[in-house]
Every structure is written in structure tokens, then in C-alpha cells.
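These notes concern the structure reproduced below.
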Amino acid sequence: MTSLLDVSHLRMAFDTDRGKVVSVEDVSFSLRPGETLAIVGESGCGKSVTALSIMRLLGKNSRCEGGEIQFEGTDLMSLSDADMREIRGNRISMIFQEPMTSLNPVFTIGYQLTETIRLHLNQNKKQARASAIEMLRKVGLPRPEAIMGEYPFALSGGMRQRVMIAMALACQPKVLIADEPTTALDVTVQAQIMSLMKGLCEESGTAIILITHDLGVVAEMADRVIVMYAGQVVEEADVFQLFENPQHPYTQGLLQSIPHLDGFEEEERLVSIPGSVPARYSQAEGCRFANRCSLASERCRTQPPYAYVEEGHAARCWEAEAASEEEEAYA
Amino acid sequence: MRNSELKDAVGSASVRSAGEAAPLLELDALQKHYPVRRGLLNRPQSSVRAVDGVSLAVRQGEALGLVGESGCGKSTIGRAIVGLEKPTGGRILFEGEDMAGYSEAKLRNARTKLQMVFQDPYSSLNPRMTVGSLLAEPLRVHGIVPKPDAAREVDRLLDIVGLPRNSQDRYPHEFSGGQRQRIGIARALALKPKLIVCDEPVSALDVSIQAQVLNLLKDLQQEFDLTYLFIAHGLGAVRYISDRIAVMYLGKLVEVGPAKELFLRPKHPYTKALLDAYPVPNPQLRNRERIMLQGDAPSPADPPRGCRFHTRCPLATPQCRESEPELKGDGGHAAACFFPL
Amino acid sequence: MFNYVIRRLLIALPVLLGVTVINFIIMRMAPGNPVDMLVNPKLPAAAIEAKRLELGLNDPAYMQYLNWLRNLVLHGDLGYSMISYAPVTELIGSRMGPTLLLMGAALVLGLAIAIPLGVLSASRQYSKLDYTAVTGSFLGISIPNFFLGLALIYLFSLQLNWLPSSGMRELGGGGGFLDVLLHLILPVIVLTANVAGRNIRYVRSSMLEILDQDYLRTARAKGLREFLVVNRHAMRNALIPIVTVLGMEIPILFGGAVVIEQIFSWPGIGQLTLSSIMNRDYSTIMGLNLAAAVIVIAANLLTDIAYALVDPRIKNSYRGAAQS
């Protein structure tokens, strides 16, 4: 299957008070039409930077230092600002973590929704209003006509996130980037929003890039998963492969450190990953996870290659590669 | 139902037989209403019922989990226990005595026995104080150790929570989120408390760090015979830490029971829905049967009549709309539902 | 909303009463009285006494205040000037127009400079334009009014002889629109420099805060042009704090007018205030003080109403108040 969006060897740098910081390095992945790809990792791992690079929404102090982002055959990084605006909100749209602050407090829901529609869909005021109401109905908001005239403060977090989804899907985009869309919501609302997003995107054939730190959400939603650590992709796999047979020690540690609901034996302890992410990881040589890894050895001082272990399943770890070599040897 | 059974479930003072040891901490019909001021004369016209009659006992040495969604009142309970909120009704009994009747000196002493760990370890630590002085301050204020010994005591606290001793001279911003939470825990431990209210202690932390902090909390509980009230919305963490769990909805307790039992066989439809909504880290289970709630919880300023959950409950009947169910059950597992699952 | 305005007006009454009482006490504590200032000390004591009687200065102080208050409440009468014998209402009325003209012009021009410059400055933070605007704003705040006024008079009236230095119209025959406009230029420049200076910084900082908000990222993610992101989505939010400052500008301008009107001999309230204080013209001082208090309270109330118009959250809380 041909891919819709190809990110290859992306390297993003920021100018900060303390000099240049490379926050994302050698990030590559591709997104197929209609699939849900989860990017999972902890805070500061570069998952949001990756998402915002696709939208080209990073601030002036950021710089793309290498790599390409191909969307339907064009390199987004080389588009003019005007052409990029044609894509934003229209063919690639995005929703954010904080529904409470992501809508402009002084404009009505109707205004903010029709603004997007009129910007991209060449509809007159009346048509845009009708489309907006239709979208609000689709995202399951009661009394959509009345909500058009409401200001964001009158809506709960869950309702606002529904409005954001309506806005993002109004132009039937090819890609929806959802950056921690339910992290700020209660679990019962999270479940509703997730199933709504999934349902609507299936209906319109929109692919989802789901950025999250929650492996539970990944298991519920994703078709494929990318695990990021310290600015790099450390593992990529089909969701079932990843949970059954995680290759990278970081992925394994993450999976084991989630407290599960089925219960614990009296003396059972959570497996935790010791230590924390090195502060200036971009300068580190070798494997960036080595300082927290129980399997680390001498060869981890050089950067492990990002290698395929099985079809569609790659990891950036010497151990994983060894496994694949052994398998090859057997074959 | 027999009195002893209800006592098992909620440990309420009203049903406890005479001569029995009182639990460490007891809430008796605790209530916290916030007035809503409006109108020409700015008089309070209605109130937000953050906590609306909660009776609950925390036994010596146990970890009691308190779960529920935002606005259910769980944090207000925690804050009321450590004295950050003044209840508008009901009693808080510490070692069997009503804290409202305490003298100034006795209250001060009781406060040292009831400590709190906050959600955001950064905003709860004064950014202009070194970790050493942050930890020494409560020792000094309450005269726990003589001044010359303070530094040694701080070293001991840092050892306990697994931070290097040279942290004394550093400032909170120099630490990562997980380390800051360790400082917060050390601060709570400084006064040798009996009960620690942990208010969302790990929800601001990354998954791999959460596990470290949860393990630390569990170790400390054993080592120092601590009692926890563990308030969180992350069900996994609550399940891991708690011996018993209480579930709240809109200012009321809807279910209390032993952790394992409650998660395995929830009685209240809300508990079931909460458990079902929790994303399970296993893709094989993604199409499981579950109760999916619709919409948001109603406002605590205007809670529904009858059972507060009836507006979202898939099993609600006319009875649920009319009258409010009492908390009842057996074997220490009680639910406030006319039709428990 | 209606309820709210009524409540505010009811609160305003005791405030006004308090202001007049305090003013009366301070005024009476100041040495001298209108008769001393007016009368030739060589006049016989009896004549001075007659004058005192006529002006009611021999009554106990509290009676004088109550008389003043009774006339005001029952007849809307502020009395007569103790110096010129003109009715105080008339005096204030004739001076209000020129002052409002001066202040209005300065306010409109000052904001017309400050808002766009503040917005541009914020959206291009640390650019040359930003540094220039911040420096200009600093100068506008820190150069004293009287100094700038005198410097302008020296340059444009004395040296270049381009503009008139005093008054509102040319003596004899003047008074047309163009004439007033020419007289207006210098004092307005001084006040505008001040208003703009204060507000550039304010607009800039409130805009900077808003440019960081999540909803602007949402606006950009929609595909909106940067111009609209700044001037539509950010501006509407930045207006909210700016409105508050506007309410505070009016009392500040009133204070500034006293100095400026004196320097440029502008026939406004400021000049009248100064001269009536010099002459201990009790009734005029009381009238002016009341007028100033009314204007400040009205400005505050208008600010709050404007606040509700630009911020839907506040509009809603008024709506709630009206319903209950």
C-alpha cells in the first residue's frame, strides 16, 4: 500500500538561551491512508515536536536541519507559507491536549467553526453555518444550533474537545494529528472521545496520528505504533506485535511499569525503569537509553542501528538486532 | 443488614459498638458546600456541594484509595483532613476524637500527624528555598529535632526517599518531576506522620517515573507503618497501592470495598463504567463488552434528585429518580445502589 | 446587566457623599478664605464682616456643608462663585467643553498610536521596530508634561513661529474650526506623548501574553494567515485588559490637564480648578470636585460595561446576576 505521509530522517533543532538543542533526530515513519498510527513516549521525547513539524507550527526559534516530510508527493518543508496554509486545517488538521485553552474564549463556537469551513471550502455564510451545525451533530453534541451561539467557557472539557474534533474534521482531511487529545479529560469522557474520533475518521477515511504517553490508549486505538525516546524512534511495530513481543528494552520497561487493573499479588512490585532521561541527550554518543538499560554493554557506546526484526517491526537496539541475526542464521 | 457488616464497609462511628478501638481517622457525614454569590445584594443563593455527607473510616496501617472523576469531591476530602479546607458540616475524628473540639496546641500536634503529598511537586515547593531548608523548616517549626541535628535529620530523610545527600544545597527547579515528588514525600515524612494524604501524587509524572514513586510509597508504608489516603483518578496506580478503595461520584460515596474485590466484582454501575472506560494496555481486549457512559457528570451545584448517577446510568429505574439509595452491602463491600450488579 | 448598573449607581451615591465631605474638610483646613483673598485689607472690619455674613462664612462649618448639600439635592444648585458671582454650574459648563476637546483628542490619538504600535511591537518582539517602540514609550512616560510643553512652545511658537502658544482661539475675530485646531496642536502633542507612552508598553505586554496562548496555535492550525491570527484572534483578547486601562486614563488625563491648561492658557476645567483653589473659591472648588468625582465614577462604570461587551465570560456573569 502506498503511503500518504512519509517522514524521513527528520532532524529539528531549537535555538535556546543555552545554545542549540536538537530535539528530534533521524525520525522516520510513514502513514498509510486511513490507518491509526500512535506515537508514544514520555514528556520531552520529541513526539509533539514531530507532530508540530508536520504542521510546520513550531516557532521561529526552530529549524529543520535535515530530512523530508512528503505528503501526497510534495515535500511540506519546501512549500511556500501560502501553500502550507492551504494544507493546514484542510488536508492535515490537528487537535490538542488542552481543550480548555485551545478554543478562543472571545469568539462563539459557531464563528470558530465556520471560519475554518469558509477558509477552505468556498462556501457562503449560510452553507458554512449549515455544515458547521452538521459537524456539531456528528460529534454528538446536543442542541447543535444553540451551541453555535455559545462561547467556549459555557462548555465542559469533553464538549470542547468534541468541538475541536468537529473543527478538525470539517474539511474531511486526509490526516488528523491528535496530540494527547484526552489526557486532560476524565476516563469516562476519554472513552467517549476516543471512540468518537475513531468512528468519524473511519467514516471519512482520515488517517490518525495519535500522540500519547498512555499505552492503554495505544492498545485501544492504534493500528501501528512508534515508540520514541530522547528524540529518536526506538521501536516501530504493529500494535499486536508491539504488545506481544516488544524488542527495545525501553518499550519492555514501559509496558511492565504500567500498573494493571487485574490485580497484584501481595508482595508484587511494579517494574520501574531506573533513573531518568539524560538532560542533554542530543550530545550523547551511543545508545541514548544505555544509562537506564539493564542489558547495556560495551557495544552500546556506539549508536545502535535502526534495524528490522521482522516485517514491519524495527528497533534501535543492539540486542534486538542480535535477535534478528540469530533468526537469519537459523533460516 | 447487621450493624457489624455496615461497620466493616464504612466503619461509621454511629454503628460502632462500644469498647472497640477507633480507626485512625474517621469522617462522619463530612460536608463541604461552597456558596455561590449572585444577585443585587450578592447574597449566597445556592451552593456547590463538593462533598455532601461522606462517612468513611481509615484504619491504622491501611492504604485507602479514593477514586472518582474531576469535581467528585475527592480532593476536597483530602484537603479537609489536613486542615486546608474547613468543613461546613459533619465531623473529622482523629484517633476517635472530633478535631473540631481540639485545643490550639492539640490541633498543632495533630496536624503533624496528618501530612499531605501534592499532585504538582513543583508548585508545592518554595522555589527560593534550598531542599535542605525546605526539609529542615517543618523540623524547626515543630521543634522535632534540636537545631544542630537538623542537617543530619535532613540527610536521613533524603536517604529514605532515595535522593543524594548533596541535594541539600540545591533548589527545586534543579530536579526532575520524579525527584521533586521525592522531595515532597520527604517533606511529608519529616514530621513522622501517622497518615499521609496523597493527592494525585503520580499523575503529573511520566509512566516510568510513576512506577518508581509508587514503589517508594509502598516501601515507606511498610517501613514506617504509615496509613495512606491515596486520592487519584488513575485506577492502575490506586489498585497497586490500595488495600481498600472508595469510589465517589458528585460529592457522595457510591461504593467502598476491598481493592481486589471491588475491581473484580464492582457492585455500583458507576464503578463498573469507570473500570470499563479505563484503557487497558492489551490490544487483544480492545473489543471487550463494556458500559460506555454518555456525556459529562452533572454540575455539583445542581446535583440530580434521587440517585445522583441516575442521569447517566444505563440501568436507572423510576425508583432511582425518586429516592436516594443508602450505602449498604456485606463482607466489607458496600454500594449505594438499589440494583447492585 | 441592568441590575448590575443599578447596583453600581447605588454604591456610587455614598462614594460621592464621602468625596464631598472629605473635600470640604480639607478645603476648610487650608489657611485663608475667599474674603481674605478678595478684600482689600484696608477696608473697615464692618464691611469685611458684612461680606462674611453674605457668603455664609460665619455659620458653623457643618451648617455650611449641609446648606451646600441641601441646595444640591433639592435644587440641583451648586451655588455661586464667591469670587465672580457666576453660578458654579455655568462656570463648570463653559469650561467643560474645551477640556473634553483636549482630553478626547489626546486619548483618541494616543490610543491610535499605542494600539497598532504595541501590537506590532509584540508580534515582532526583539526586532528593531520593537526596540524603537519601547524606547519611544519610555520617553513618552518619563518626559514631564511641563517640560515637553515649554520645549514645544519654544521651538514651534518662539523660534519657528508656526503655531500659537496659548489660548484656544485668536483674540478678536478668531474661533473658526481651523483656528481652534491650530491652538489644539501643541497641548495635544504633549498629552498624546504621555498617553501613547503609557499604553504602548501596556498593549505590548498584554499582547505578548496572548501570543503565547494555545488558541492561537489552533487558529494557525486552521490555516489562517498570520495577519488574521494576530489582528483578529489575538487582538480581540488583548482588548480586554486594554479596556481597563482606558478607564484609568480618564482620571490621569484630568490630573494632567491642570498642568497643561496652565502652560497653554487653555480655558478649561484645569485652569479653573487652579484659579479657584488660589482664590479659596469654596463653592467652585466643591462643584469642580463633585464634577471630577462624577466623571471618574462614570468612567469606571463605563469601563466595566465595556469589559462585559468585549469579554463574553463577564457578560454571562451579569446575565446570571440579572436572572437571579
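Of note:
- Whichever residue in region C:227-257 is in contact (Cβ under 8 Å) with a residue 40 or more places away in the chain and not aliphatic (A, V, I, L, M) and, among such residues, is nearest to the other protein chains (Cβ to nearest Cβ): C:Arg236
- Of note, C:Arg280 does not satisfy the criterion of being within 14 Å of chain A (Cβ to nearest Cβ) and either in contact with a helix residue (DSSP H, G or I) (Cβ under 6 Å, 6 or more places away or on another chain) or not aromatic (Phe, Trp, Tyr) (or both).
- Residues that are within 14 Å of chain B (Cβ to nearest Cβ) and surrounded by 24 or more Cβ atoms within 10 Å (Cβ to Cβ), drawn from region A:161-184: A:Gln161, A:Arg162, A:Val163, A:Pro181, A:Thr182
- Out of A:Gly73, A:Gly46, A:Gly34, sole residue that is more than 10 Å from every other protein chain (Cβ to nearest Cβ), touching a Gly at 6+ places or on another chain (Cβ under 6 Å) and surrounded by fewer than 19 Cβ atoms within 10 Å (Cβ to Cβ): A:Gly34
- Every residue from region A:201-222 that is facing chain B (nearest Cβ under 7 Å) and within 14 Å of B:Leu285 (Cβ to Cβ): A:Leu215, A:Gly216, A:Val217, A:Ala219, A:Glu220
- Complete set of residues in region B:317-337 that are buried (at least 19 other Cβ atoms within 10 Å of the Cβ) and without any contact (Cβ under 8 Å) to a residue 40 or more places away in the chain: B:Cys320, B:Pro325
- Condition met for A:Thr116 (away from chain C (no Cβ under 13 Å), buried (at least 23 other Cβ atoms within 10 Å of the Cβ) and closer than 24 Å to A:Leu57 by Cα): no
- Test: A:Met194 is farther than 18 Å from A:His248 by Cβ, of a type in the set (A, V, I, L, M) and in contact with a Leu (Cβ under 8 Å, 6 or more places away or on another chain): no
- Qualifying residue in region C:280-288 (condition: at negative phi, in contact (Cβ under 8 Å) with a residue 60 or more places away in the chain and surrounded by fewer than 19 Cβ atoms within 10 Å (Cβ to Cβ)): no
- Any hit, region C:31-45, residues being at pLDDT 75 or above, more than 30 Å from C:Ile314 (Cα to Cα) and assigned to a helix (DSSP H, G or I): yes
- Filtering region A:269-289 to residues that are at the interface with chain B (Cβ under 10 Å from one of its Cβ atoms) and modelled with pLDDT under 75 leaves only A:Ala279.
- Region B:227-278 - residue that is within 12 Å of chain A (Cβ to nearest Cβ) and small (Gly, Ala, Ser) and, of those, nearest to the chain's Cα centre (by Cα): B:Ala232
- Look at region A:141-153: where a residue is more than 11 Å from A:Thr108 (Cα to Cα), no partner that is part of a loop (DSSP other than H, G, I, E, B) and among the basic types (Lys, Arg) sits 6+ places away or on another chain with Cβ atoms under 6 Å.
- Any hit, region C:200-220, residues being farther than 24 Å from C:Val296 by Cα, surrounded by fewer than 19 Cβ atoms within 10 Å (Cβ to Cβ) and among the aromatic types (Phe, Trp, Tyr): no
- Of all the criteria given as (1) more than 20 Å from the chain's Cα centre (by Cα); (2) in the same structural domain as C:Glu209 (by TED's automatic domain parsing); (3) part of a loop (DSSP other than H, G, I, E, B), the one not satisfied by C:Ser84 is (2).
- Residue satisfying all of: in region A:185-197; facing chain B (nearest Cβ under 10 Å) and in a helix (DSSP H, G or I); surrounded by the fewest Cβ atoms within 10 Å (Cβ to Cβ) among these: A:Ser195
Condition check ((1) exposed (fewer than 15 other Cβ atoms within 10 Å of the Cβ); (2) within 27 Å of A:Asp186 (Cα to Cα)) across all residues:
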| position | (1), (2) |
| --- | --- |
| B:Arg37 | yes, no |
| B:Arg79 | no, yes |
| B:Met99 | no, no |
| B:Thr112 | no, no |
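- Selection within region C:203-221 - more than 13 Å from A:Arg88 (Cβ to Cβ) and in a helix (DSSP H, G or I): C:Val203, C:Arg204, C:Ser205, C:Ser206, C:Met207, C:Leu208, C:Glu209, C:Ile210, C:Leu211, C:Asp214, C:Tyr215, C:Leu216
- Subset of region A:88-106 [more than 7 Å from chain C (Cβ to nearest Cβ) and either crowded, with 20+ Cβ neighbours inside 10 Å or part of a helix (DSSP H, G or I) (or both)]: A:Ile92, A:Ile95, A:Gln97, A:Pro99, A:Met100
- Residue identified as within 14 Å of chain A (Cβ to nearest Cβ) and of a type in the set (Phe, Trp, Tyr) among B:Phe224, B:Phe175: B:Phe175
- When the test is whether a residue is of a type outside the set (Lys, Arg) and on the phi > 0 side of the Ramachandran plot, A:Asp81 does not pass it.
- When B:Pro300, B:Pro314 are screened for being surrounded by fewer than 20 Cβ atoms within 10 Å (Cβ to Cβ) and not in a strand (DSSP E or B), only B:Pro314 passes.
- Highlighted here are the strands (runs of 3 or more DSSP E) found entirely within region B:1-118 that include at least 1 residues which are modelled with pLDDT under 90 and β-branched (Val, Ile, Thr): B:25-38, B:43-58.
- Test result for C:Ile269, farther than 30 Å from A:Met94 by Cα, touching a Lys or Arg at 6+ places or on another chain (Cβ under 6 Å) and not aromatic (Phe, Trp, Tyr): yes
Quick grid of which residues meet (1) touching a Pro at 6+ places or on another chain (Cβ under 6 Å); (2) hydrophobic (A, V, I, L, M, F, W, C):
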site	(1), (2)
A:Gly157	yes, no
A:Gln192	no, no
A:Ser195	no, no
A:Ile211	no, yes
A:Asp214	no, no
A:Ala222	no, yes
A:Pro246	no, no
A:Leu254	no, yes
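Okay, residues lined up against (1) without any contact (Cβ under 8 Å) to a residue 12 or more places away in the chain; (2) assigned to a loop (DSSP other than H, G, I, E, B); (3) touching a Cys at 6+ places or on another chain (Cβ under 7 Å); (4) more than 12 Å from chain B (Cβ to nearest Cβ):
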{"residue": "A:Val233", "(1), (2), (3), (4)": "no, no, no, yes"}
{"residue": "A:Ala237", "(1), (2), (3), (4)": "no, no, no, no"}
{"residue": "A:Leu242", "(1), (2), (3), (4)": "no, no, no, no"}
{"residue": "A:Gln252", "(1), (2), (3), (4)": "yes, no, no, no"}
{"residue": "A:His260", "(1), (2), (3), (4)": "yes, yes, no, no"}
{"residue": "A:Cys300", "(1), (2), (3), (4)": "no, no, yes, yes"}
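- Filter pass, B:Lys86 being buried (at least 16 other Cβ atoms within 10 Å of the Cβ), of a type in the set (Lys, Arg) and under 27 Å from B:Cys307 (Cα atoms): no
- Residue count for region B:54-83, restricted to those that are closer than 22 Å to B:Arg312 by Cβ and of a type in the set (Asp, Glu): 1.
The values are calculated or read from the model by the stated rules, or taken from the named source; none is laboratory data. Here the structure is a predicted model, which means the values were calculated and not measured. We place every Cβ from the backbone using ideal geometry, glycine too, and count neighbours over all the protein chains shown.
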